[in-house]
Amino acid sequence: MIFFEILRVAMDAIRANKLRSLLTMLGIVIGVGAVITMVALGEGAQRQVEAQIASLGTNVLSIRPGQGMFGGVRGGSDAPLTVEDAQSIARAPAVVSIAPEMRGQLQVQFGSSNASVRIMGTTQNFASVNNYPVAFGRFFDAGENAGRKRVAVLGGAVPAVLGTDAATIVGQAISIRNITFEVVGVLGEKGAQGWFNEDEQLYVPLETAQFRLLGTDKLGTIKIVVQDRSAIPTAMVQVEEILRREHRLELGKENDFWISDSQQFLQTQQETTQTFTMLLAGIAAVSLLVGGIGIMNIMLVSVTERTKEIGVRKALGATRNAVLLQFLLEATTLCMVGGLLGVASAYGASRLLSDLAGWNMAIAPEAVGMAVAFAAVVGVFFGLWPARRAARLDPIVALRYE
């Protein structure tokens, strides 16, 4: 019963100074809200990266020309990847499917529209290797690739660039570098991945790109699919042996190509995102400390203002621990209420940033719990000194205080 009586007195003291209590809590509200919002921003970014990697497939390897290692400094190399390299890699036992990619920037015309579009020459496996859905029509087949047919598949954003819609352009003719192509399909949209949007590409058969459009056998990327993640190490060894043999690299000489695993990319992105999130949360947590100092300052003022009241309570039999607990409860309550208001403001800010700015926000329950717990710790820590000061007041001195 004594505890609840002390709690009632503490709540009455807070209600007696509503405006001051609200302003005191403001630092905690901002601190907790900022911490949760920043963590939600980092969590949302991490989930977006994971979704992008999942869309690429966890059993996909990418091979690119050039020396270097993933996550480190990569030196340049003049040795290209070629169509012959892709054909050799396709015969590796661990490779289930392969999609070589050849790129170039060319003018595309449709009706009165004219735009510079990124052209990709690839094989019929491209859509399955990259988990790309075909929204309208179909993807070109092996026969059209071997026959160097003039067919094209548009990325999901290309029809809009050409001033039309995806449903009506299938079956119509477009002109690429003054060569007529039939549009046989339109891919579904995946959205931008980093600074590059693959939905803005146009796809033609590899043989057609090599001999009719780009006039080269150099590839930008070779993507391969293995049976499952457990086969990735074996596939990487086999691909490395094949390419070193094809490029006639002597023993001890560095590779003039590099092989990346999507899981490595995911791990690197996660580490970067986590570091970024911790940095933002650390900066935001400073406002929590500032709010705690503000509460300590106000509580010290409150002790000074209520010196005579403390003297009366102690003269009537209030113990030192009772006075200590009262002021400690006041400080902790201010922080806890401020923490709950901060949680509400974080949800509101996250919703606002998601709707207006289009940012991916994901509020983690752990972040909410940690922020509220930290607010309570701040209340205890910064409220302890004023509470001890109040508890140590001599009742005779306090009663004579003016």
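Computed values, structure above
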read-out	value
Residue check, Phe211 over 24 Å from Ile259 (Cβ atoms), of a type in the set (Phe, Trp, Tyr) and in contact (Cβ under 8 Å) with a residue 40 or more places away in the chain	yes
Pair list, Cβ under 6 Å, 6 or more apart: segment 359-384 residue under 12 Å from Leu340 (Cβ atoms), other residue surrounded by fewer than 16 Cβ atoms within 10 Å (Cβ to Cβ) and modelled with pLDDT under 75	none
Count of segment 291-343 residues which are touching a residue at least 60 places away in the same chain (Cβ under 8 Å) and in a helix (DSSP H, G or I)	37
Count - residues of segment 123-150 that are touching a Lys or Arg at 6+ places or on another chain (Cβ under 9 Å) and in a strand (DSSP E or B)	0
Test set (1) touching a residue at least 60 places away in the same chain (Cβ under 8 Å); (2) buried (at least 18 other Cβ atoms within 10 Å of the Cβ); (3) in a strand (DSSP E or B) - Ser175 fails condition number	(2)
Test result for Asn131, touching a residue at least 24 places away in the same chain (Cβ under 8 Å) and within 34 Å of the chain's Cα centre (by Cα)	yes
Hits in segment 148-172 (condition: in contact (Cβ under 8 Å) with a residue 40 or more places away in the chain and farther than 14 Å from Glu198 by Cα)	Arg148, Lys149, Arg150, Val151, Ala152, Leu162, Gly163, Thr164, Ile169, Gln172
Considering residues of segment 270-291 that are among the hydrophobic types (A, V, I, L, M, F, W, C) and more than 30 Å from Ser21 (Cβ to Cβ) only, the residue modelled with the lowest pLDDT	Phe276
Within segment 378-390, tally of residues that are crowded, with 20+ Cβ neighbours inside 10 Å and either β-branched (Val, Ile, Thr) or in contact with a Gly (Cβ under 6 Å, 6 or more places away or on another chain) (or both)	2
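This table checks each residue for (1) assigned by TED's automatic domain parsing to the domain that holds Gly27; (2) under 34 Å from the mean Cα position of the chain (by Cα); (3) at pLDDT below 80.
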position: Thr333; (1), (2), (3): yes, no, no
position: Ser345; (1), (2), (3): yes, yes, no
position: Gly348; (1), (2), (3): yes, yes, no
position: Leu356; (1), (2), (3): yes, yes, yes
position: Asn360; (1), (2), (3): yes, yes, yes
position: Val380; (1), (2), (3): yes, no, yes
position: Gly383; (1), (2), (3): yes, no, yes
position: Arg388; (1), (2), (3): yes, no, yes
position: Asp394; (1), (2), (3): yes, no, yes
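For every residue, the table says whether it meets (1) hydrophobic (A, V, I, L, M, F, W, C); (2) farther than 30 Å from Gly42 by Cβ; (3) modelled with pLDDT of 75 or more; (4) surrounded by fewer than 21 Cβ atoms within 10 Å (Cβ to Cβ).
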site	(1), (2), (3), (4)
Lys314	no, yes, no, no
Asn321	no, yes, yes, yes
Met336	yes, no, yes, yes
Leu341	yes, no, yes, yes
Leu353	yes, no, yes, yes
Ala371	yes, no, yes, no
Ala376	yes, no, yes, yes
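The values are calculated or read from the model by the stated rules, or taken from the named source; none is laboratory data. Not measured: the values here are computed from a predicted model. For neighbour counting, all protein chains shown are included, and Cβ atoms are generated from backbone atoms with ideal geometry for every residue, glycine included.
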